[in-house]
Structures are given as structure tokens and as C-alpha cells.
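Chemist: Mind looking over this structure? Questions follow.
The values are calculated or read from the model by the stated rules, or taken from the named source; none is laboratory data. Computed from a predicted model, the values in this text were never measured in an experiment. Cβ placement follows ideal geometry from the backbone for every residue including glycine, while neighbour counts extend to all protein chains displayed.
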Amino acid sequence: MKVFSSYDNGRLTIYLHGELDHHAVRGAAELVERLLGEYLPRDCVLDLGRLSFMDSSGIALILRLHRRLVAGGGRFWVENVGAQPLRVLDAGGIGRVVQIAAAREAKQA
């Protein structure tokens with residue numbers, strides 16, 4: 001699992017590459033927390049375009065990010081979700097809480 005980020009005009013974009021499973025989520029969560037503390041973004045986007053696999057541990061990370069941003073008055077959403085991670089998010093009903101754009105939808109926007 002690799003985590004990359006970019007920051008521009010109050011928006012932090014976090015890119016996850018590889019596999020997000022219960023082994024990788026702890027390190028990813030710690031890094032994401034550091035990025036949020038460093039940039040204090042108004043908006044945060046989690047880009048899953050290069051995520052090849054995600055299990056339910058990824059749901060916990062997404063909900064954690066969502067709660068943190070919303071509690072601070074910010075906005076959070078997920079973009080470029082591939083087929084396998086999208087199935088996990090759909091099964092968990094996360095779309096009722098967090099805005100999610102599948103890869104094809106994000107490219108049209």
C-alpha cells in the first residue's frame with residue numbers, strides 16, 4: 001500500500017495505491033492523520049483510482065476520515081472508485097453517509 005497526496009487551495013487529495021486490507025489500513029490511517037494535521041484542509045478527497053483491492057477495513061478508514069472532516073466543518077468525498085472497492089462500499093451502505101463517485105462518474109464530472 002502506498003499513499004500519495006496533493007494539496008491545492010484548501011483541498012487535500014489523498015491517493016491510495018495497491019491493496020487496502022487489515023494489514024495496510026493502520027499505516028495508511030496514521031499517514032492520513034498526519035496529512036490532515038499538516039494541511040488542515042477545508043476539503044478532502046480520497047482517490048481510489050489505483051486501489052486494486054479493498055476489504056471492510058477500508059470502510060473504517062473512510063468513515064474515520066469523513067467524521068474528522070465533517071466535525072471540523074469540512075467536506076469529504078471519495079472519487080475514482082474501481083469495481084472491486086465499489087462492491088465493498090456498496091455492500092457496506094457507505095454511499096448513504098459519504099459521497100462516492102465511481103471511476104466513470106468522476107471522469108465525466
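This table checks each residue for (1) hydroxyl-bearing (Ser, Thr, Tyr); (2) surrounded by 13 or more Cβ atoms within 10 Å (Cβ to Cβ); (3) at pLDDT 95 or above; (4) over 17 Å from SER5 (Cα atoms).
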| residue | (1), (2), (3), (4) |
| --- | --- |
| ALA29 | no, yes, yes, no |
| LEU36 | no, yes, yes, no |
| ARG42 | no, yes, yes, no |
| LEU48 | no, yes, yes, no |
| ILE59 | no, yes, yes, yes |
| LEU63 | no, yes, yes, yes |
| ALA83 | no, no, no, yes |
| LEU89 | no, yes, yes, yes |
| ALA109 | no, no, no, yes |
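Chemist: Ok, one more. Taking region 9-27 on its own, how many of its residues are surrounded by 15 or more Cβ atoms within 10 Å (Cβ to Cβ) and among the basic types (Lys, Arg)?
Modeler: 1
Chemist: Within region 32-51, how many residues are of a type in the set (D, E, K, R) and closer than 19 Å to HIS17 by Cβ?
Modeler: Residues flagged as of a type in the set (D, E, K, R) and closer than 19 Å to HIS17 by Cβ within region 32-51 amount to 4.
Chemist: Can you confirm whether region 28-43 contains a residue that is in a loop (DSSP other than H, G, I, E, B), under 25 Å from GLY10 (Cβ atoms), out of contact with any helix residue (DSSP H, G or I) (no Cβ under 6 Å at 6 or more places or on another chain) and charged (D, E, K, R)?
Modeler: Yes, that holds for at least one residue.
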